[in-house]
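A.B. asks: Below is the structure I would like to discuss, written out as structure tokens.
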Amino acid sequence: MRRLEETLNIPLKTVDREIENMVKFDRDVPRSSQLAKSIMELIRSGGKRVRPLMVIVGSRFGPVSDPQKVWRLAAAAEFIHAASLIHDDIIDDSPLRRGQKAMHTKVGVSEALHIGNYMSARVIELISVYSAERERFAYHLSSLATTRLCLGEYQQLSLLYDYDVTIEQYLEKSKNKTAQLMATCLQIGAQATGTDTATSDLLYSFGEKLGIAFQIRDDLLDFTQSSEKLGKPAGGDLRSGQVTLPVLFALRDEGLARQIRSISVDSSTAQVDEVVAAIRASDALQQTEALSQRYLNEAEEIIYQLNDYPSHQDLQALLDYLGGREK
Amino acid sequence: MNHHLIQDAYRLLQGECSPEAGIIVDLPALEAAPLAMLLEQYDMTAVRQCRLLTIYIAIKLALQRHKDCELLASGEELTRKVLDGDYLYSFYVELCLKWEEYDLLSHLAPIIKQIQIKRAEGRPEDERLLKGWELFLRLEHNRSTASQAI
């Protein structure tokens, strides 16, 4: 099976080089510094580079060719994403990232926190320097601002062990945490090459629906994948108090609801395991899958609307990949 | 020192922050005072004075929240401090854009980045922030004076 970057005909090496250049060409950062080394290690530890790929796909819908700007925006999107991962790992106290030790476990919480901040600040610096046109500069910066991502995190925090959370609240949190940045990546790529507003808005909408479906799928995997494959006990989200979509559907079953509502921060591993098994055996996972599928179908509808663009096929590749139809 | 200016800026920031973030603008007034005094030396509208001080307070608060993380173990308090800092670092950018302070944003971006580098090295130089503002206001004043002379 072809890899996503091959299907999209985007050399990941070039993407990675552009990301590395963001640190290498920063005169304020000595190459031998711990900060430079830590960021290089993080970049070289892999990652699918979905967000940079989305920026580049978005750029293919515009009439203007400006590869330099597009590559920089693509690298900026990955920097923003990577910075958020460093901080996520601190918050979750995750020991691993991409199979290697998480940054805060190597350099300490304080240093990792400021390295993440450096990455975000570097993006702001580069965009405000490179973008001569005020309107674009403002547009790109506001798009890449992560206040909504933070709001998603706050929402998640306030809803821990809250079994009265609604599906609407869950979807709003997923939009803020995951979908908005994905949607933005397609849209800023499109805007960078002069794509008309109607098309770039459609791309945003496509990215948002795909992002929500991706988040739902991620939440589903926490129940369907084996502990070995997840690298942590299955049902970890429930264990840490996150009430995800499979749990919300399971809560509609009265018997299951009683079991689920008994889970708290003090619950034993055996108790959580039992509830996870019960959720797995219920039809909550199918209902979750169906809602994910609905978002994918809506995203696919948007692809049809963009059929006149040759790059509509790239959207299909993204959908197949992120929607779980391809590995 | 203009206490009203500081209080107005605190209120403005508190009102602009999303209630979902639940951030309490609790920066000690002494931390905001140096810029408040500096702003009073320049000829600008009261509205702009207040906005600039609001942006400054947002950055100072972000710096403070992440500094507090040094001593915290994993848990809700650490999570909140990390998120508050992240939100405020992003929010100051949004405020600059909203109030069309583009030159200020471009001027501050490398300074805030350098502050992060120094903090990551364990040799904080947070005083760069106030110095950066001093330079920005002076340059802006010089430009304005020069253009008036022409």
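A.B. asks: In region B:116-150, what count of residues is obtained for those that are under 13 Å from the mean Cα position of the chain (by Cα) and either among the charged types (D, E, K, R) or at the interface with another protein chain (Cβ under 9 Å from one of its Cβ atoms) (or both)?
C.D. replies: 5
A.B. asks: Can you tell me which residue among A:Ser143, A:Ser65, A:Ser59 is more than 20 Å from the chain's Cα centre (by Cα), closer than 27 Å to A:Gln313 by Cα and hydroxyl-bearing (Ser, Thr, Tyr)?
C.D. replies: Step by step, each of A:Ser143, A:Ser65, A:Ser59 is checked, and only A:Ser65 is more than 20 Å from the chain's Cα centre (by Cα), closer than 27 Å to A:Gln313 by Cα and hydroxyl-bearing (Ser, Thr, Tyr).
A.B. asks: Then there is this: Would it be correct to say that B:Leu105 is in contact with a Cys (Cβ under 9 Å, 6 or more places away or on another chain) and at pLDDT below 95?
C.D. replies: Yes; evaluated as a whole, the condition is true for this residue.
This table checks each residue for (1) touching a Gly at 6+ places or on another chain (Cβ under 8 Å); (2) modelled with pLDDT of 95 or more; (3) surrounded by 23 or more Cβ atoms within 10 Å (Cβ to Cβ).
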{"residue": "A:Gly211", "(1), (2), (3)": "no, yes, yes"}
{"residue": "A:Asp222", "(1), (2), (3)": "yes, no, no"}
{"residue": "A:Ser226", "(1), (2), (3)": "no, no, no"}
{"residue": "A:Gly235", "(1), (2), (3)": "no, no, yes"}
{"residue": "A:Leu238", "(1), (2), (3)": "no, no, yes"}
{"residue": "A:Val247", "(1), (2), (3)": "no, yes, yes"}
{"residue": "A:Arg261", "(1), (2), (3)": "no, yes, no"}
{"residue": "A:Asp273", "(1), (2), (3)": "yes, no, no"}
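A.B. asks: Here's something else I'd like to know. Inside region A:43-56, can you point out the residues that are assigned to a helix (DSSP H, G or I) and either charged (D, E, K, R) or surrounded by 24 or more Cβ atoms within 10 Å (Cβ to Cβ) (or both)?
C.D. replies: Across region A:43-56, the qualifying residues are A:Arg44, A:Arg51, A:Pro52, A:Leu53, A:Met54, A:Val55, A:Ile56.
A.B. asks: Output yes when any residue across region A:312-325 is at pLDDT 95 or above and either outside any helix (DSSP H, G or I) or more than 21 Å from the chain's Cα centre (by Cα) (or both), and no when none is.
C.D. replies: Within region A:312-325, one or more residues are at pLDDT 95 or above and either outside any helix (DSSP H, G or I) or more than 21 Å from the chain's Cα centre (by Cα) (or both).
A.B. asks: From the set of residues in region A:101-127 that are among the hydroxyl-bearing types (Ser, Thr, Tyr) and buried (at least 24 other Cβ atoms within 10 Å of the Cβ), which is nearest to the other protein chains (Cβ to nearest Cβ)?
C.D. replies: My answer is A:Tyr118.
Conditions (1) of a type in the set (Val, Ile, Thr); (2) within 9 Å of chain A (Cβ to nearest Cβ); (3) under 18 Å from B:Phe136 (Cβ atoms), marked per residue:
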| residue | (1), (2), (3) |
| --- | --- |
| B:Ile6 | yes, no, no |
| B:Ala9 | no, no, yes |
| B:Leu12 | no, no, no |
| B:Ser18 | no, yes, no |
| B:Pro34 | no, no, yes |
| B:Ala46 | no, no, no |
| B:Leu78 | no, yes, no |
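A.B. asks: Among the aliphatic types (A, V, I, L, M) and touching a residue at least 60 places away in the same chain (Cβ under 8 Å), is that true of B:Leu83?
C.D. replies: yes
A.B. asks: OK, next. Testing B:Lys113 on (1) within 26 Å of A:Leu151 (Cβ to Cβ); (2) surrounded by fewer than 19 Cβ atoms within 10 Å (Cβ to Cβ), one condition comes back false. Which one is that?
C.D. replies: (2)
The values are calculated or read from the model by the stated rules, or taken from the named source; none is laboratory data. None of the values given here were measured: they were computed from a predicted structure. FYI the Cβ positions are ideal-geometry reconstructions off the backbone, even for glycines, and counts take in every protein chain you see.
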